[in-house]
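Laboratory data are not the source of any read-out in this text; all were calculated from the coordinates shown. Note that the structure is predicted; figures quoted are calculated from it, not measured. Glycine gets a Cβ as well: all are built from the backbone with ideal geometry, and neighbour counts include every protein chain shown.
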Amino acid sequence: MEKLASVLLVDDDSTNNFLNELLIKRLGVTDHLQVAESGAEALNLLKETKPTDGPALILLDVSMPGMNGIEFLENYVQLPAAQRHATVVIMLTTTMDASDLSRLNDLPIAGLVSKPLTQEKLATILQLHFRRTLPEQ
């Protein structure tokens with residue numbers, strides 16, 4: 001499988017980040033993995049990154065203290081188009097209420113995936129959005 005240029009994990013839960021990092025590394029999805037523990041930290045990372053070096057995939061938690069995933073996306077759309085054009089954003093969630101779901105309709109997400117992230121869910125994301133297939137494990 002051709003690896004993604006970069007992946008950005010955004011989740012305030014260090015255990016989720018650790019497990020997702022292990023999964024992504026074990027499956028060889030990318031050689032460049034960044035982790036942010038808040039929406040604000042992720043936004044700052046993106047602002048400091050050259051548009052050509054931005055992540056191909058952002059896995060974004062919905063519920064985080066401070067700037068949550070939806071607030072991150074509301075700020076993300078304000079970034080220059082060159083910094084956003086090649087990025088697929090997938091929201092990771094355990095539950096969502098109806099008001100959060102309705103807010104997502106106007107935001108640039110490619111999908112919503114329930115936690116925990118698994119090999120099967122990651123394989124589906126890669127197939128649907130990047131036309132990539134994970135090697136047999």
Span per principal axis, largest first, for the Cα atoms of the chain (Å): 39, 33, 26
Phe18, Phe72 arranged by Cβ crowding within 10 Å, fewest neighbours leading: Phe18, Phe72
³J(HN,Hα) computed for each position of segment 22-37 - Karplus, 6.51 cos²θ - 1.76 cosθ + 1.60, integer Hz, glycine/proline x: 4, 4, 5, 5, 4, 8, x, 5, 7, 9, 10, 10, 10, 10, 10, 9
Distant-in-sequence amide H partners of Met67 (H built 1.01 Å from N, under 5 Å): Gly39, Ala40
Protection proxy ranking, peptides 3-13, 80-90, 61-71, average beta carbon neighbours within 10 Å, highest first: 3-13, 61-71, 80-90
Long-range HN-HN contacts of Lys115 with modeled amide H, under 5 Å: Thr93, Thr94
Residue exposure sequence - Glu74, Glu48 - by fewest surrounding Cβ within 10 Å: Glu48, Glu74
